[in-house]
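Undergrad: One structure is given below, represented as structure tokens, and several questions about it will come after.
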Amino acid sequence: MRLQGNPRVTVVGAGVIGLTTAIVLQEAGYEVEILTKALPQQTTSAVAGAVWLPFLARPVEKVARWSATTYFRLQAMAGAGVPGCAMVELQLFPAEDRLPPWAGLLPAGAIEALPADRLPSNCRHGWQVQAPMIDTPVYLRYLFDRFRENEGLVRLQTLEQEADFPLEKGWVVNCTGLGARALCHDEELYPIRGQLVKLVRREGLPFLVDERDLSAPTYVFSRQDAIIAGGTAEPNEWSTETDRGTIDGILERARRLVPALDDLPVIGTLAGLRPARSTVRLERVPGTRLIHHYGHGGSGFTLAWGCAGEVLQLVREAEVS
Ligand SMILES: Cc1cc2nc3c(=O)[nH]c(=O)nc-3n(C[C@H](O)[C@H](O)[C@H](O)COP(=O)(O)OP(=O)(O)OC[C@H]3O[C@@H](n4cnc5c(N)ncnc54)[C@H](O)[C@@H]3O)c2cc1C
């Protein structure tokens, strides 16, 4: 329902952060327009795996809060049959031999120690986590359709400088991901490249993440279109091309963990640039109707609903003050 008298909002960007923010504002009664250089399927968000798992995002306390909100939201969406959204049993082999710091955010029983006979060789600890899994192309299409069905408008446009934010129309929420580096001269923002491989789909494969080497996390997920095997975390790499040696390394690591991948033909490779920053930038520029909302690193899907709720709160607080 659109409330009379509410100011308009322009959300810049149509990745998972822009779409989720647009929907939260729209469903709170604001008239929202998305203005974007690229449509959802051409964004970094469409390259991601993706699983709910806080990774390469700070500050720790806020990330915990935003992640928790998003976990429960995605769990409810999976329960309601939202396309591209499911709860899975994720096997996690952590970087440190202790319970992950975010374990306390989960509902009781959602994380359990894996028995020794289910651990890979050289691995002393592992966890089975009931985690939200996002089939990103399908989920982004769902978000985009939901926004459009709520009468949301989308305009393709590239903003060249901060002065282009259409503040004369109302609120602007800047969800441009890594694009904010050039747009806002934010040198704190940098890419952490992730490469992954798509293999022919097969039923019954496990979902797993091996974080023991954080510079080369290994993961295997099933999507509607393919099995996804990753990955890498390469700071300051700007190329969105994959390289052969790295892809071979990913396949070797993934096949070691899931031998059934041996038989599956490779059908493609992908590389995406995580928008990394010392901390997520989620703030209102004082005295203006501009909110920056970018820099979610390796956790955009993990944080999106929590962060979008905070954007709504910033807008509401400013409107009543
Ligand atoms: C390989 C890989 C695996 C990942 N796995 C996970 C995972 O398992 N779980 C998880 O939570 N996260 C994961 N991530 C991270 C996640 O994908 C990102 O955090 C998220 O996509 C960031 O979303 P965003 O909307 O901020 O940016 P983007 O998806 O990049 O969207 C930015 C939008 O802004 C627009 N834009 C940019 N500049 C301009 C401009 N000047 N003018 C107008 N529009 C502009 C773009 O066109 C685009 O629409 C992964 C990332 C990669 C690369």
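The values are calculated or read from the model by the stated rules, or taken from the named source; none is laboratory data. It should be emphasised that the depicted structure is a prediction, and the values quoted were computed from it without experimental measurement. When we count neighbours, we look across all protein chains shown, and the Cβ atoms used for this are built from the backbone with ideal geometry, even at glycine.
Undergrad: Assess whether GLU160 counts as being out of contact with any strand residue (DSSP E or B) (no Cβ under 7 Å at 6 or more places or on another chain), part of a loop (DSSP other than H, G, I, E, B), at pLDDT 95 or above and closer than 21 Å to GLY15 by Cα.
TA: Spelling it out, GLU160 is indeed out of contact with any strand residue (DSSP E or B) (no Cβ under 7 Å at 6 or more places or on another chain), part of a loop (DSSP other than H, G, I, E, B), at pLDDT 95 or above and closer than 21 Å to GLY15 by Cα.
Undergrad: Does the stretch 182-204 contain at least one residue that is within 14 Å of the ligand (Cβ to nearest atom), without any contact (Cβ under 8 Å) to a residue 12 or more places away in the chain and on the phi < 0 side of the Ramachandran plot?
TA: Scanning the stretch 182-204 turns up at least one residue that is within 14 Å of the ligand (Cβ to nearest atom), without any contact (Cβ under 8 Å) to a residue 12 or more places away in the chain and on the phi < 0 side of the Ramachandran plot.
Undergrad: Before we move on, is GLU211 modelled with pLDDT under 95, over 20 Å from THR269 (Cα atoms) and surrounded by 14 or more Cβ atoms within 10 Å (Cβ to Cβ)?
TA: yes
Undergrad: Checking ILE134 against (1) surrounded by 16 or more Cβ atoms within 10 Å (Cβ to Cβ); (2) hydrophobic (A, V, I, L, M, F, W, C); (3) farther than 29 Å from ARG316 by Cβ: exactly one of these is not met. Which one?
TA: (3) is the only condition that ILE134 fails.
Undergrad: Right, another one. Determine the pairs where a residue that is in contact (Cβ under 8 Å) with a residue 60 or more places away in the chain, located within the stretch 239-259, has a partner that is hydroxyl-bearing (Ser, Thr, Tyr) and part of a loop (DSSP other than H, G, I, E, B) with Cβ atoms under 9 Å apart, the partner being 6 or more residues away or on another chain.
TA: ARG256/SER121
Undergrad: Out of everything in the stretch 120-171 that is over 22 Å from the mean Cα position of the chain (by Cα) and of a type in the set (Lys, Arg), what residue ends up being farthest from the ligand (Cβ to nearest atom)?
TA: ARG124
Undergrad: So is PHE72 surrounded by 13 or more Cβ atoms within 10 Å (Cβ to Cβ), of a type in the set (Phe, Trp, Tyr) and part of a loop (DSSP other than H, G, I, E, B) or not?
TA: no
Undergrad: Also, I was wondering about something else. Based on this model, can you work out whether THR21 counts as near the ligand (Cβ under 7 Å from one of its atoms), hydroxyl-bearing (Ser, Thr, Tyr), over 17 Å from PHE221 (Cβ atoms) and crowded, with 18+ Cβ neighbours inside 10 Å?
TA: no
Undergrad: Considering only the stretch 205-238, state which residues are in contact (Cβ under 8 Å) with a residue 60 or more places away in the chain, among the hydrophobic types (A, V, I, L, M, F, W, C), out of contact with any helix residue (DSSP H, G or I) (no Cβ under 8 Å at 6 or more places or on another chain) and more than 24 Å from LEU178 (Cβ to Cβ).
TA: PHE207
Undergrad: Do we find that ALA48 is touching a residue at least 40 places away in the same chain (Cβ under 8 Å), near the ligand (Cβ under 7 Å from one of its atoms) and crowded, with 17+ Cβ neighbours inside 10 Å in this structure?
TA: Against the criterion (touching a residue at least 40 places away in the same chain (Cβ under 8 Å), near the ligand (Cβ under 7 Å from one of its atoms) and crowded, with 17+ Cβ neighbours inside 10 Å), ALA48 qualifies.
Undergrad: Have a look at ARG73, ARG58 and point out the one that is within 15 Å of the ligand (Cβ to nearest atom), closer than 17 Å to ARG274 by Cα and either of a type outside the set (Lys, Arg) or in contact (Cβ under 8 Å) with a residue 60 or more places away in the chain (or both).
TA: Within the list ARG73, ARG58, the selection yields ARG58.
Undergrad: Another question, then. Could you please tell me which pairs satisfy a Cβ distance under 9 Å, a separation of 6+ or placement on different chains, a first residue in the stretch 279-304 that is of a type in the set (Asp, Glu), and a second residue that is within 14 Å of the ligand (Cβ to nearest atom) and not in a loop (DSSP other than H, G, I, E, B)?
TA: GLU283/ILE291; GLU283/HIS292; GLU283/HIS293
Undergrad: If you check GLY298, GLY309, which single one turns out to be within 15 Å of the ligand (Cβ to nearest atom) and part of a helix (DSSP H, G or I)?
TA: Result of the check over GLY298, GLY309: GLY298.
Undergrad: Provide a single number: the residues in the stretch 221-245 that are out of contact with any Asp or Glu (no Cβ under 8 Å at 6 or more places or on another chain) and within 12 Å of the ligand (Cβ to nearest atom).
TA: 11
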